[in-house]
Amino acid sequence: MGVRNWLKGKIFEWWGVREVMGIKINFKFDLNKYLEDRRKIKLDQLKNICPHGRIIDIKGNRIAFESLFASPVGTRQWGCSQCGCVVDHEDDVNRINERYKDNPSIILKKQERFIKKAKKLKLL
Ligand SMILES: [Zn+2]
């Protein structure tokens, strides 16, 4: 009997055979699902950062803003062409766009963050 077996014997003696045999570790870790879930969370975060629109022109103190929301024919929903965020009603689109009226610089800040994050996720 080798030292290993002897040690095993001692351990079994110590814990009681049944207890040792009873420890069963059943742990399945799905790495792909984990990564996919994490990616989904990050994609959702992306939707929060996305400005859902862009500044297309600045003339003096006038800023032209273009919403990235579009409503496909036959649906009432609106989707952002940049981040894939979907809202149920045009009112939601208007509410989002209204927010920028007082502070258009938010659009640029958000877009900058969006690009950074999207690059990290290898979407760009
Ligand atoms: Zn968006």
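Things to note:
- In this structure, ILE58 does not satisfy being more than 14 Å from the ligand (Cβ to nearest atom), more than 29 Å from ARG38 (Cα to Cα) and in contact (Cβ under 8 Å) with a residue 24 or more places away in the chain.
- Members of segment 51-110 that are over 22 Å from LYS40 (Cβ atoms) and touching a helix residue (DSSP H, G or I) at 6+ places or on another chain (Cβ under 9 Å): GLY53, ARG54, ILE55, ILE63, PHE65, SER67, SER71, ARG76, ARG99, TYR100, ILE106
The numbers here are math on the coordinates, done by the rules we state, and not lab data. All values reported here derive from a predicted model rather than from experimental measurement. When we count neighbours, we look across all protein chains shown, and the Cβ atoms used for this are built from the backbone with ideal geometry, even at glycine.
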